[in-house]
Amino acid sequence: MNDEIKGRLSTLWAMCAILAMWELEGRFSLVASGALPAPSAVLTKFWIDRSDYALHAWATARVALLGFLAGNIVAVIAALAFVRWPATERLTRGINIAMFALPPIAIVPILVIALPGDWPGLVLAAVAVYFPTMTATLAGLSEVDRRVVDVVRVYGGGEGAVMRWVRLRAGLPALLGGMRVAGPAAVLGAILAEFGSGSRWGLGSYLLGSIGSGDASRLWGIGLTATAMAGLAYGAAALVSARMTGATRAVTMTTSLPLQPATFGGRNDLLIRVGAFVLPFAVWWLLLVIGQLSPIIAKTPFGVFDYLFLSPGSPKAQTRILAALAETLPLTLLGMAAGLFLALLLAMLGSVKPALARALLPVALVTQTMPLVALTPLLVLIFGRGTAVTLAITVSVTFFPSFVVITHGLTLVPKAAFELVRAYGASRMQELRLISLPAAQAWLFAAARLAVPRALLGVMIAEWLATGRGLGNLLNQSRGYLDYGMIWSVALVAVLVSIGMYQALLSVERLVSKRQG
């Protein structure tokens with residue numbers, strides 16, 4: 001029996017064991033006091049409610065699919081432009097980082113206010129899709145064999161020919177890989193918009209309407225249906241990738257822009273830096289002008305500045321935001337640190353015992369594809385509405401993606417790197433400490449950057465749904481009071497906090513790399 005078959009069997013046995021323990025817990029309520037119903041009870045309730053699921057699932061799937069297509073089209077066009085004209089990548093870097101760092105829950109009320117019908121879900125799904133597809137495509141288009149490029153140019157081909165004959169073909173596997181990550185992201189975006197808008201149809205609306213009943217079986221059914229939909233999106237993209245390129249390996253989301261842009265000296269460099277800072281605010285203002293939205297509802301950058309610093313109510317608004325941020329930020333940092341530590345610990349154990357890592361990867365995929373708004377009510381049933389549920393949600397959403405990224409980094413360490421320490425009789429843990437962890441340092445920082453927006457999103461959703469504290473609760477209250485200035489202000493603060501944490505990690509990484517170099 002080869003290693004691949006053994007790995008699949010160990011994974012199958014692990015999943016069967018998880019389902020068996022879940023069934024026992026559900027039947028006898030050993031730990032969760034009824035908050036974790038047996039899979040058989042979930043399936044029974046699903047069958048009873050089956051007529052409801054069809055309409056709600058179709059509404060979510062339709063919006064997610066439209067957002068998936070729109071986001072991917074924009075992402076591919078952007079990646080092509082960044083490769084063809086490197087200055088555009090530097091100029092739009094502020095927008096790209098903001099799109100990555102944006103906690104979706106922060107802009108749901110804004111989209112619901114500004115856009116009619118299904119448009120909030122479509123836009124949020126497209127925004128969620130854009131970054132993973134753009135970065136994956138950009139990496140694929142950029143990382144080509146220079147010798148092939150030289151051959152095309154020797155025969156008289158210009159940049160257009162290089163793009164057509166070399167870059168597009170080399171970048172196809174990366175594009176399809178990015179779409180695997182984008183599929184579940186589109187489903188999450190659509191559900192978040194439904195959850196915030198209170199629309200009649202959609203899994204988000206069905207979930208919101210079911211929370212008050214406290215029916216754990218129904219909540220688990222909705223959550224698992226959303227997970228199945230996201231997993232189906234991932235699987236469809238993976239199948240297309242396998243058929244077109246033969247690629248079958250899992251892909252994780254890139255957390256930095258891989259293209260090395262052209263450098264510009266002196267005044268041009270300064271202009272591009274200033275433009276990269278100003279452009280996100282200019283796009284913000286331009287979208288409001290194009291949409292012809294009322295200034296009472298849709299706040300421009302100056303409108304938010306006036307609300308926070310110039311209006312008579314500014315001191316009170318500042319106090320409320322700072323108080324909410326003082327509750328949200330520590331939990332975000334604590335939950336992110338705990339999730340990263342757990343991910344690193346389990347990745348190291350998986351490196352020592354590969355069968356353990358193989359058994360955990362399916363669980364990681366399921367958790368990564370379960371939309372956060374579907375996961376939160378389930379954890380509330382188990383942990384209650386205190387700080388514990390906030391930390392549980394934050395650890396959950398940061399742990400599994402980080403685990404996948406760190407595990408991938410550890411597996412890429414060349415086998416030859418271990419020969420010297422093995423010759424001196426080093427144990428497997430010593431190999432990890434001396435060789436694997438230093439060699440995978442870039443992946444550790446990548447996992448941390450990936451965790452930043454997810455941690456803030458997890459905390460804000462927990463505050464919105466469970467604890468009634470922090471930025472998430474302030475956003476929810478402001479929507480109820482029609483305090484549009486506060487809604488836009490909280491959204492901006494959430495984005496700036498996420499970007500600040502991302503840039504801080506990037507600066508630490510560069511400092512560590514410089515010292516080691």
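The number of residues in region 292-319 that are exposed (fewer than 11 other Cβ atoms within 10 Å of the Cβ) and touching a residue at least 12 places away in the same chain (Cβ under 8 Å) comes to 1.
With respect to the conditions (1) open to solvent by less than 20 Å² (accessible area, probe 1.4 Å); (2) more than 19 Å from residue 55 (Cα to Cα), residue 205 falls short on a single one, namely (2). Among the residues of region 474-490, is any of a type in the set (A, V, I, L, M), in a helix (DSSP H, G or I) and open to solvent by 30 Å² or more (accessible area, probe 1.4 Å)? No, region 474-490 contains no residue that is of a type in the set (A, V, I, L, M), in a helix (DSSP H, G or I) and open to solvent by 30 Å² or more (accessible area, probe 1.4 Å). Where helices (runs of 4 or more DSSP H) fall entirely within region 352-442, those with at least 1 residues that are of a type outside the set (Val, Ile, Thr), under 22 Å from the mean Cα position of the chain (by Cα) and at pLDDT 70 or above are at 372-383, 387-411. Within this structure, residue 181 passes the test of being within 27 Å of residue 99 (Cβ to Cβ), among the hydrophobic types (A, V, I, L, M, F, W, C) and either at pLDDT below 75 or open to solvent by 10 Å² or more (accessible area, probe 1.4 Å) (or both). Farther than 27 Å from residue 62 by Cα, open to solvent by 60 Å² or more (accessible area, probe 1.4 Å), modelled with pLDDT under 75 and not in a loop (DSSP other than H, G, I, E, B), is that true of residue 270? Taking the combined requirement at face value, the residue satisfies it. Taking the numbered list (1) surrounded by 19 or more Cβ atoms within 10 Å (Cβ to Cβ); (2) over 30 Å from residue 140 (Cβ atoms) in turn, residue 44 passes all entries but (1). Tell me yes or no: at least one residue of region 71-87 is at pLDDT 85 or above and among the polar types (S, T, N, Q). Yes: one or more hits. All conditions but one from (1) open to solvent by 20 Å² or more (accessible area, probe 1.4 Å); (2) over 23 Å from residue 101 (Cα atoms) apply to residue 431; the one that does not is (1).
On the stretch given as region 139-192, residues that are acidic (Asp, Glu) and assigned to a helix (DSSP H, G or I) total 2.
Evaluated against (1) surrounded by fewer than 21 Cβ atoms within 10 Å (Cβ to Cβ); (2) in contact (Cβ under 8 Å) with a residue 40 or more places away in the chain, residue 471 falls short on exactly one condition, (1).
Considering only region 207-225, I want to know if a residue exists there that is farther than 25 Å from residue 402 by Cα, modelled with pLDDT of 65 or more, assigned to a loop (DSSP other than H, G, I, E, B) and polar (S, T, N, Q). Yes - at least one qualifying residue is present in region 207-225. Checking each residue in region 99-136 for being in contact with a Lys or Arg (Cβ under 9 Å, 6 or more places away or on another chain), within 20 Å of residue 281 (Cβ to Cβ) and not in a helix (DSSP H, G or I) picks out only 103.
The values are calculated or read from the model by the stated rules, or taken from the named source; none is laboratory data. The model shown is predicted, which means the values in this text are computed figures rather than measured ones. No Cβ is skipped: glycine too gets one built from the backbone with ideal geometry, and neighbour counts run over all protein chains shown. Surface accessibility is based on the protein's heavy atoms, side chains included, excluding ligands, DNA and RNA. Shrake-Rupley method; radii C 1.70, N 1.55, O 1.52, S 1.80 Å.
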